[in-house]
1. Evaluate region 117-136: report whether one residue or more is small (Gly, Ala, Ser), in contact (Cβ under 8 Å) with a residue 40 or more places away in the chain and outside any strand (DSSP E or B).
2. Within region 78-85, does at least one residue satisfy the condition of being touching a Leu at 6+ places or on another chain (Cβ under 8 Å), touching a residue at least 40 places away in the same chain (Cβ under 8 Å), in a loop (DSSP other than H, G, I, E, B) and β-branched (Val, Ile, Thr)?
3. Working carefully through the options 58, 34, find the one that is surrounded by 10 or more Cβ atoms within 10 Å (Cβ to Cβ) and at pLDDT 95 or above.
4. In this structure, is residue 93 outside any strand (DSSP E or B), under 28 Å from residue 129 (Cβ atoms) and at pLDDT 90 or above?
5. Taking region 29-53 as the region of interest, how many residues are at negative phi and out of contact with any Ser or Thr (no Cβ under 8 Å at 6 or more places or on another chain)?
6. Being of a type in the set (Phe, Trp, Tyr) and either part of a loop (DSSP other than H, G, I, E, B) or more than 21 Å from the chain's Cα centre (by Cα) (or both) is the filter here; which residues of region 35-71 pass it?
7. Can you spot a residue in region 128-139 that is over 30 Å from residue 51 (Cα atoms), modelled with pLDDT of 95 or more and surrounded by 14 or more Cβ atoms within 10 Å (Cβ to Cβ)?
8. Which one is surrounded by the most Cβ atoms within 10 Å (Cβ to Cβ) among residues in region 67-113 that are more than 23 Å from residue 29 (Cβ to Cβ) and among the small types (Gly, Ala, Ser)?
Amino acid sequence: MKKGIFVFVAIFVLLLSTSASAIEWVQADEKMIYWDPVTTYANGDPVEDGATVTYVCYLKADGASDVERIDIGETAETQFLTNVGTEGKWIVGVATKRTINEDVILSSITWSNSTDTTAVPNPFGILFLRAFAAPSGLRDTPEPN
């Protein structure tokens with residue numbers, strides 16, 4: 001009896017964790033993404049007033065490693081329009097960039113399929129498939145010869 005309850009609880013916990021990290025695929029060739037402004041340094045210290053936080057946006061194919069990422073642009077805003085030019089499943093990433101004179105330091109990348117629910121409350125990806133054109137010449141009789 002105890003073994004049966006343990007197995008049930010283990011399966012329930014596994015299903016709960018799997019559903020919590022399920023990714024939502026948004027079908028689009030471009031997608032506006034948004035994030036919260038970064039207000040602290042990695043060590044927790046607050047960013048000084050007037051400091052400019054720049055964000056670097058990336059794409060990578062679903063299943064690809066971080067080193068296979070594509071840099072798609074930078075912004076000082078907390079939103080970015082991603083444009084996907086190649087069919088497939090894509091994961092979006094954002095990092096912060098700090099530049100002092102010519103020195104640059106990047107944060108780690110937050111990917112849209114992250115299981116960290118604080119960083120990504122609703123994991124998502126972009127599914128880009130080109131659709132065939134809609135049929136034309138719709139009628140209720142065969143095409144005349």
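1. No, there is no match, as no residue in region 117-136 is small (Gly, Ala, Ser), in contact (Cβ under 8 Å) with a residue 40 or more places away in the chain and outside any strand (DSSP E or B).
2. yes
3. Residue meeting the stated conditions: 58.
4. no
5. Summing the residues that are at negative phi and out of contact with any Ser or Thr (no Cβ under 8 Å at 6 or more places or on another chain) in region 29-53 gives 10.
6. Scanning region 35-71 gives 35, 41.
7. Among the residues of region 128-139, at least one is over 30 Å from residue 51 (Cα atoms), modelled with pLDDT of 95 or more and surrounded by 14 or more Cβ atoms within 10 Å (Cβ to Cβ), which makes the answer yes.
8. Here the residue is 95.
The values are calculated or read from the model by the stated rules, or taken from the named source; none is laboratory data. A quick note: this is a predicted structure, and the numbers were derived from the prediction, not measured. No Cβ is skipped: glycine too gets one built from the backbone with ideal geometry, and neighbour counts run over all protein chains shown.
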